[in-house]
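Scroll down for the structure; my scribbles are underneath it.
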Amino acid sequence: MNKYGKSFIKIGSDIPTEAQRITRVRLVQRFFRDTVLSSYNFSCTICKLDLHVMLNAIHIIPWSVDKSRRADPSNGLSLCAFHDRAFDRGLITIDDKFRIVSSKQVKVAEAPKLHRVGLLEIEGHVITLPDKFRPDQVALAYHRKKIFLK
């Protein structure tokens, strides 16, 4: 047992710890990422974080839902890792005037600072719009209807 009261099985050196797999590769992902991030001047559209390694080019209508939108930069947003996860999980969305809307699920009393600043205080703020490839209103409406947790 370790100091947390958990026991672990010891793996001998003769047991494999890795395996090779054949996986699908998103062929247009590099183009999509480069195009979306450069359109937003390599910063998060919500909080303006401009640390390149913390940014993701996200699909508004998910990759798995619509093949025709996979490489479409107007189906993308530049979001930091925090806001990417919140958007992907439906905790925030963007309305038809490009304002941020927070889900009722994040509206709690006594929220820690990151929760308050990152999810509550941003509500109603207009996102930073890109130089090119504005977010498509149809895609945003899809997110509000199918993904956002009201």
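Quick look at the numbers
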| item | result |
| --- | --- |
| Neighbours by Cβ (under 6 Å, 6+ apart or cross-chain): first from the stretch 57-85, within 23 Å of Asp131 (Cβ to Cβ); second among the basic types (Lys, Arg) and buried (at least 17 other Cβ atoms within 10 Å of the Cβ) | Ala57/Arg33; Ile61/Arg69; Asn75/Arg69 |
| Candidate set: the stretch 52-108, residues that are touching a Leu at 6+ places or on another chain (Cβ under 7 Å) and of a type in the set (Val, Ile, Thr); chosen: the one nearest to Asp136 (Cα to Cα) | Ile60 |
| Residues (in contact (Cβ under 8 Å) with a residue 40 or more places away in the chain and either in a helix (DSSP H, G or I) or under 12 Å from the mean Cα position of the chain (by Cα) (or both)) located in the stretch 31-43 | Phe31, Phe32, Thr35, Val36, Leu37, Ser39 |
| Candidate set: the stretch 44-85, residues that are surrounded by 22 or more Cβ atoms within 10 Å (Cβ to Cβ) and not in a strand (DSSP E or B); chosen: the one modelled with the lowest pLDDT | Pro73 |
| Residue that is surrounded by the fewest Cβ atoms within 10 Å (Cβ to Cβ), among those in the stretch 112-136 that are without any contact (Cβ under 8 Å) to a residue 60 or more places away in the chain and of a type outside the set (A, V, I, L, M) | Lys113 |
| Selection status of His143, touching a residue at least 60 places away in the same chain (Cβ under 8 Å) and over 17 Å from the mean Cα position of the chain (by Cα) | no |
| Leading residue by the ranking (modelled with the lowest pLDDT) among those in the stretch 101-149 that are of a type in the set (Lys, Arg) and in a loop (DSSP other than H, G, I, E, B) | Lys132 |
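The values are calculated or read from the model by the stated rules, or taken from the named source; none is laboratory data. Everything numeric here is computed off the predicted structure, so don't read it as measured data. Note that we place each Cβ from the backbone using ideal geometry, even for glycine, and neighbour counts take in every protein chain shown.
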